[in-house]
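Can you keep this structure in mind? I'll have questions shortly.
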There are 2 protein chains.
Amino acid sequence: MTGSHELQPNSGPLVGLKVLDLTRVLSGPYAAMWLASMGADVIKIENPKDPDVSRAYYPVVNGKSAYYSTMNRNKRSITLNLKAEEGKKLFLELVKDADAVIENFRPGVMDKLGVGYEELKKVNPGIVYASISGYGTYGPYAKKPGYDVVAQAMSGLMAITGFPEGPPTRVGSSIGDTVGGVSSLVALLAALYCKNRTGLGQKVEIALVDSLLALSTPDYVRYFVEGLAPVRMGNCYRSWAPYGTYQAGDGYYNIGCGTDEFFYKLARAIGHSEMIDDERFLTHEGRVENREAMDAVINEWAMSRSVKEVCSVLDEAGVPCAPVYTIRELEQDEHIAGARDMFPTINEPEIGTFRVTNLPLRFAGTGLAPIKAAPDLGAHNAEIYGDLGYSEEELVRLRERGVI
Amino acid sequence: MTGSHELQPNSGPLVGLKVLDLTRVLSGPYAAMWLASMGADVIKIENPKDPDVSRAYYPVVNGKSAYYSTMNRNKRSITLNLKAEEGKKLFLELVKDADAVIENFRPGVMDKLGVGYEELKKVNPGIVYASISGYGTYGPYAKKPGYDVVAQAMSGLMAITGFPEGPPTRVGSSIGDTVGGVSSLVALLAALYCKNRTGLGQKVEIALVDSLLALSTPDYVRYFVEGLAPVRMGNCYRSWAPYGTYQAGDGYYNIGCGTDEFFYKLARAIGHSEMIDDERFLTHEGRVENREAMDAVINEWAMSRSVKEVCSVLDEAGVPCAPVYTIRELEQDEHIAGARDMFPTINEPEIGTFRVTNLPLRFAGTGLAPIKAAPDLGAHNAEIYGDLGYSEEELVRLRERGVI
């Protein structure tokens, strides 16, 4: 029943896609790992003498980095020295038979090596070339080194994160890298769509700074129309209330009353239906203005209860709410860890079995590919170069000369 | 020279893709706006009596919401009442000729209306159906209402954002919605890739909670292997230093020394090369441990200078750094606003010309589609229903009966 009439479960939607992955550390490897998890054949290419530095990122168990394993699972691995003439030649042979190349070198590095998009296009006009960098490949800052923390600062996101009385605040996860990675996949897959229609590939690119900046699209509308710039609001929200973080007896939880109706439900649930008729609280505008008085009622009710009790009452009443979870709670949660399978296990021979964080994408037809261990450096040299017609003897010679 | 041998500039990579957009408010409209900006024909479908509530979101100028315009630019608009039998029939006719449907109703709503994926598949087995929701379409929390703030809390991101001595901190932008939207596009485009290969569509889905949780993939590796959970670190970084936010005389800037070499460059640039030989500062580990002593030297140097001066010196030395920008500075920046064109203008007849935040994706071959005003409600009824063969008279009757 499979084949042309049904999709294959647990295969992933990208079966048949071949990607050459030249990326290092986080943004690129993370993006390419998503491709591999969706069933693409992702070939990670590393310099034999200078492999991805994240192979040494802790935690390292029996010589293998669990960080590297998490970010490079489901890929194949070959070694290749792009600085060697024979290495370039090998790379072009690989490009001939690939659909996409993804890299996160500093702009100009690939061109300087003689394997920039213009060269690759000559051997395969259909190749889609995705570049991830801090600031993008053109413009006055293009050559500047970019890190997550740089993207967080320059994107404007830090300036609006945190409390009014405190400093700009970094998002506690390296979302410059991960959002940049995810955004690059939209570009890469859109270019593949175009290639399917036209037969032609193209170069696509993403800057970490741009990718974080774009997330604030809604925040800047008032500024562009009325001159009103967003400011740090802590855990409140400028236009809605109650909408933000509240304290219960044993911790924090969030309420998300995006509509008046949710507020009425909340008022009833906490035994204060009189708030519904209180003129101060009739609209979002009024509730934002009289936030303190409203929050006092909510807090008085919640402080004598646990987060769990509070969320259970509000859930029952249909009020959007959630505990502020840590990974310890996430890992135990019946929905997130259970039903949504957000923490599947990976089995690494050297490390043993441990959990990784799953992709957030769900495909009802094809599912995702089963999780496979990350490859040792060059583990697929024989297989992949063999497919290009290289004999074992030739590979030995290439290895001796430092080409692979 | 166009056609089969060259890509068309300023067209976008998704020319030829037809998407039915049933989304409201933020996550879905934002995602569908990306598709439209990439050249897809995105048809926004709204209930004539209950259109997208964001049409009323401020700032509203001459009756038109700039928020709506920003999030729904480049789309076409039709009205359609999916609760009416004739409305369902019309929708299925549209589905026959479409490539994808995107919606962000609460799970179950489309099925209850009789236009869930299983029904759509019957008239078009190739249709890709993308669902965005707070918690996903299955699992114990599936029917709970989800908002950005709920996703931020439950995803674990808030727990690791902020200062050790302060509370969990909300990211100041609604990234639950926007990251959820961007992630949904990866799913949708991957399913289109699969459709190109197999002829078959499928249902894909994303939960806002999952999409934020997935960003923390690198943060949880140590927990899963060593039991070490991430904690709030403020503007520092657990494993690298100097890497984070520093104060200059007139504001904040970030330093991102991800390698020892960058630190050496920094030490030289600020006239303290003695730090390079200081045993306390030889490695990331040492610098993290002796952060206070190291930061004192950096701060003493920076506090007598402006952010601009500090960044200019560090830039010159090749040290990753960035000012903590607000939108006022972003808008003036020669790289971001200039070269990267992150704030193009939109011309809305009712509002006038104003800026919007651009997509972060750059396509060297096809570019993006030129920015077009968001459509008035039902502006393309005659055009789109006309294409299905409905006469003006029939449309008048459908309108009178509240179907369109």
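The values are calculated or read from the model by the stated rules, or taken from the named source; none is laboratory data. The structure presented is a predicted model; accordingly, all values stated were derived computationally and were not measured. Cβ coordinates were reconstructed from backbone atoms using ideal geometry, including for glycine residues, and neighbour counts include every protein chain displayed. To get the accessible areas, we keep the full protein, side chains included, count just its heavy atoms, and leave off ligands, DNA and RNA. Shrake-Rupley method; radii C 1.70, N 1.55, O 1.52, S 1.80 Å.
Looking only at residues that are within 11 Å of the chain's Cα centre (by Cα), open to solvent by less than 10 Å² (accessible area, probe 1.4 Å) and more than 7 Å from chain A (Cβ to nearest Cβ) in the stretch B:163-189, which one is nearest to B:Val149 (Cα to Cα)?
B:Gly176
Within the stretch B:231-247, is even one residue of a type in the set (Gly, Ala, Ser) and over 31 Å from the mean Cα position of the chain (by Cα)?
The answer is no, given that none of the residues of the stretch B:231-247 is of a type in the set (Gly, Ala, Ser) and over 31 Å from the mean Cα position of the chain (by Cα).
Which members of the stretch A:138-191 meet the condition of being in contact with a Gly (Cβ under 7 Å, 6 or more places away or on another chain) and either under 30 Å from B:Cys194 (Cβ atoms) or of a type in the set (Lys, Arg) (or both)?
A:Lys143, A:Lys144, A:Arg170, A:Gly181, A:Ala191
Go through B:Ile132, B:Ile78 for me and flag whichever is away from chain A (no Cβ under 14 Å) and part of a strand (DSSP E or B).
Sole residue among the options that is away from chain A (no Cβ under 14 Å) and part of a strand (DSSP E or B): B:Ile78.
Give the residue that is nearest to A:Glu261 (Cα to Cα), with candidates limited to residues of the stretch A:296-305 that are open to solvent by less than 30 Å² (accessible area, probe 1.4 Å) and out of contact with any helix residue (DSSP H, G or I) (no Cβ under 6 Å at 6 or more places or on another chain).
A:Ile298
Now, a different point. Within the set of pairs 6 or more residues apart or between chains, which connect a residue that is surrounded by 24 or more Cβ atoms within 10 Å (Cβ to Cβ) inside the stretch B:315-327 to a residue that is of a type in the set (Lys, Arg) and modelled with pLDDT of 95 or more with Cβ atoms less than 7 Å apart?
B:Val319/B:Lys265
Tell me the residue from A:Tyr390, A:Tyr385 that is farther than 30 Å from A:Phe263 by Cα, at pLDDT 95 or above, of a type in the set (Ser, Thr, Tyr) and open to solvent by less than 30 Å² (accessible area, probe 1.4 Å), please.
A:Tyr385
Answer yes or no as to whether B:Arg24 is open to solvent by less than 20 Å² (accessible area, probe 1.4 Å) and not hydrophobic (A, V, I, L, M, F, W, C).
Taking the combined requirement at face value, the residue does not satisfy it.
Here is a check on your reading of the model: is B:Leu368 closer than 28 Å to B:Val179 by Cβ and either part of a helix (DSSP H, G or I) or under 21 Å from the mean Cα position of the chain (by Cα) (or both)?
The answer is yes for B:Leu368.
Quick check on A:Arg399: is it surrounded by 13 or more Cβ atoms within 10 Å (Cβ to Cβ), at pLDDT 95 or above and under 16 Å from A:Ile78 (Cα atoms)?
Yes: the conditions hold for A:Arg399.
Please go through the stretch A:95-126 and give me each residue that is assigned to a loop (DSSP other than H, G, I, E, B) and in contact (Cβ under 8 Å) with a residue 60 or more places away in the chain, ordered by number. Please lay out each step first, then the result.
Just the residues of the stretch A:95-126 that are assigned to a loop (DSSP other than H, G, I, E, B), to begin with: A:97-99, A:104-108, A:114-116, A:124-126.
Selection gives A:Asp97, A:Ala98, A:Asp99, A:Asn104, A:Phe105, A:Asn124, A:Pro125, A:Gly126.
Criterion first (of a type outside the set (A, V, I, L, M), within 8 Å of chain B (Cβ to nearest Cβ), in contact (Cβ under 8 Å) with a residue 60 or more places away in the chain and more than 21 Å from A:Asn235 (Cα to Cα)) does A:Tyr193 satisfy it?
no
Only one of these conditions is not met by A:Ala159: (1) more than 21 Å from the chain's Cα centre (by Cα); (2) farther than 29 Å from B:Gly156 by Cα; (3) among the aliphatic types (A, V, I, L, M). Which number is it?
Single failed check for A:Ala159: (2).
Give all pairs with beta carbons closer than 8 Å in which a residue from the stretch A:53-72 that is charged (D, E, K, R) meets a residue that is in a helix (DSSP H, G or I); count only pairs at least 6 apart in sequence or on separate chains.
A:Arg55/A:Tyr68
Also: Which members of the stretch A:136-154 meet the condition of being within 7 Å of another protein chain (Cβ to nearest Cβ) and assigned to a loop (DSSP other than H, G, I, E, B)?
Listed by number, the residues that qualify are A:Gly136, A:Tyr138, A:Gly139, A:Pro140, A:Tyr141, A:Lys144, A:Pro145, A:Gly146, A:Tyr147.
Restricting attention to the stretch A:333-358, and to residues there that are among the hydrophobic types (A, V, I, L, M, F, W, C) and within 16 Å of B:Ala151 (Cα to Cα), which single residue is farthest from the other protein chains (Cβ to nearest Cβ)?
A:Ala337
While we're looking at this one, here's another question. Of the residues B:Tyr252, B:Tyr246, B:Tyr264, which is under 17 Å from B:Met303 (Cβ atoms), open to solvent by 10 Å² or more (accessible area, probe 1.4 Å) and more than 7 Å from chain A (Cβ to nearest Cβ)?
B:Tyr246
Taking B:Leu212 as the residue in question, decide whether it is more than 7 Å from chain A (Cβ to nearest Cβ), closer than 18 Å to B:Val171 by Cα and either out of contact with any Lys or Arg (no Cβ under 7 Å at 6 or more places or on another chain) or among the aliphatic types (A, V, I, L, M) (or both).
Answer is yes for this residue.
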